[in-house]
């Protein structure tokens, strides 16, 4: 039994520590807060028990005493417990109280530091907390207490007269009192001051004003918790050094509808460009109940002149069956290999196969044109391992040209409905910018979750398709395709989004 008190960091999952990740992966139970990014839960074991104990103003899923007891109880069951807390557990995270409760109960524990929002949020807003020209020290202060109460722990005179950068957390409710007390203690009203809302996340907003004007500016611009308050001359560097909010897709909410196995590359690229990505996979890639047909085709690979792959998934599942048969890439022998596009080609090259043919147009029609241009296909045997349900253009056209094409299922796609409610809520709130589609099946499955009528009622939501086939599927449902790249690849789709939103 053991408890790890883990700092989840300020919000950007990329700022989570390697040790935190490893401890989370080893845990039998994960007890997590509201400010811990949900993406971090992906590091937990699939069989781990997940318990939410988030606390936001006026709504505590479990009081602190209850959390302390929960940690003790779970550990006494002989389990490894990961207590995932936003920011750093020991910086206004009440981690010290949890550690004391564990110590008193005789439970072994470790504290795994996390990057605190007091440091990270200003940094992402272009505000270095120390700078040799402005400040050589930092004071981190809770803004949660009533500044007027008798016996306040804050020495406002000392804070106002120091040359230190002041960072207040959990202080938005008391922002007018904080400013008033600093001014009353002699701080210059023109002192630069800033707010950073949800720092390090795609929802970050920042505001720079003066100490005297900051409370009203916060009201005028709708700032609320969780926001970090920074007071000091370093705030004047915001406009020069701010980088996070300058990224081309910053603040744009983009839905990725690809299957989870395929979505990571697209989602990661969009996040790097500043987008708020909502992964809403409308399909799941699933194995077939019976692989007898594909296994038989693999046994007679020497009979085929061409092996044609139309997707990364086709490559992946074909190689799984190849391995299950005790074979590897050498089994392809003299069989020539075609890949529908660069991503599929990369998947093949990772397995030691350089494609003999990649069409200029990354659609089925391009494959047909290219193969026919390479010579007669009359009587040529071809194997096409693909999804159980797919367009028939490629095999039909090759057969018309005389080829003998065996179309064999390697996997199947089934509908999924993850995060449908969040997509609908954002659409209704007017905070959804774009939905991306990587295939016709993602269009069909998305529209089975959210009808075309709903999308037509929100014309502000842009619809992006990877290529003309997917765009035609949208049009068949009476929906426009607003964004489509000239090259039908994920990187090109990302660039098309950037071009659309930076015009």
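Here residue 491 passes the criteria (1) surrounded by 19 or more Cβ atoms within 10 Å (Cβ to Cβ); (2) in contact with a helix residue (DSSP H, G or I) (Cβ under 8 Å, 6 or more places away or on another chain); (3) in contact (Cβ under 8 Å) with a residue 60 or more places away in the chain except the one numbered (1).
Here is a yes/no grid of residues against (1) loosely packed, with under 12 Cβ neighbours inside 10 Å; (2) touching a helix residue (DSSP H, G or I) at 6+ places or on another chain (Cβ under 7 Å):
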residue: 103; (1), (2): yes, no
residue: 110; (1), (2): no, no
residue: 123; (1), (2): no, no
residue: 128; (1), (2): no, yes
residue: 136; (1), (2): yes, no
residue: 154; (1), (2): no, no
residue: 160; (1), (2): no, yes
residue: 163; (1), (2): yes, no
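Which one is farthest from the chain's Cα centre (by Cα), of the residues in segment 171-180 that are crowded, with 18+ Cβ neighbours inside 10 Å and not in a helix (DSSP H, G or I)? Among residues in segment 171-180 that are crowded, with 18+ Cβ neighbours inside 10 Å and not in a helix (DSSP H, G or I), the one farthest from the chain's Cα centre (by Cα) is 174.
Residues that are in contact (Cβ under 8 Å) with a residue 40 or more places away in the chain, within 24 Å of residue 468 (Cα to Cα), assigned by TED's automatic domain parsing to the domain that holds residue 406 and surrounded by fewer than 20 Cβ atoms within 10 Å (Cβ to Cβ) occur at least once in segment 360-372. Scanning segment 1-20 for residues that are more than 19 Å from residue 79 (Cβ to Cβ), surrounded by fewer than 21 Cβ atoms within 10 Å (Cβ to Cβ) and in contact with a helix residue (DSSP H, G or I) (Cβ under 7 Å, 6 or more places away or on another chain) returns 13, 15. Are any of the residues in segment 74-94 assigned to a helix (DSSP H, G or I) and over 33 Å from the mean Cα position of the chain (by Cα)? So far as segment 74-94 goes, yes, one or more of its residues are assigned to a helix (DSSP H, G or I) and over 33 Å from the mean Cα position of the chain (by Cα). Listed by position, the helices (runs of 4 or more DSSP H) inside segment 377-477 whose residues that are over 30 Å from the mean Cα position of the chain (by Cα) number at least 2 are 393-400. Note on segment 274-360: enclosed strands (runs of 3 or more DSSP E) holding 1 or more residues that are in contact with a helix residue (DSSP H, G or I) (Cβ under 8 Å, 6 or more places away or on another chain), at pLDDT below 90 and under 18 Å from residue 412 (Cα atoms) are 283-286. Scanning segment 434-460 for residues that are touching a helix residue (DSSP H, G or I) at 6+ places or on another chain (Cβ under 8 Å) and under 18 Å from residue 267 (Cβ atoms) yields 434, 435, 436, 437, 438, 439, 442.
The values are calculated or read from the model by the stated rules, or taken from the named source; none is laboratory data. Keep in mind that this is a model prediction, so the values were computed, not measured. Methodologically, a virtual Cβ is constructed for each residue, glycine included, from the backbone with ideal geometry; neighbour enumeration extends over all protein chains shown.
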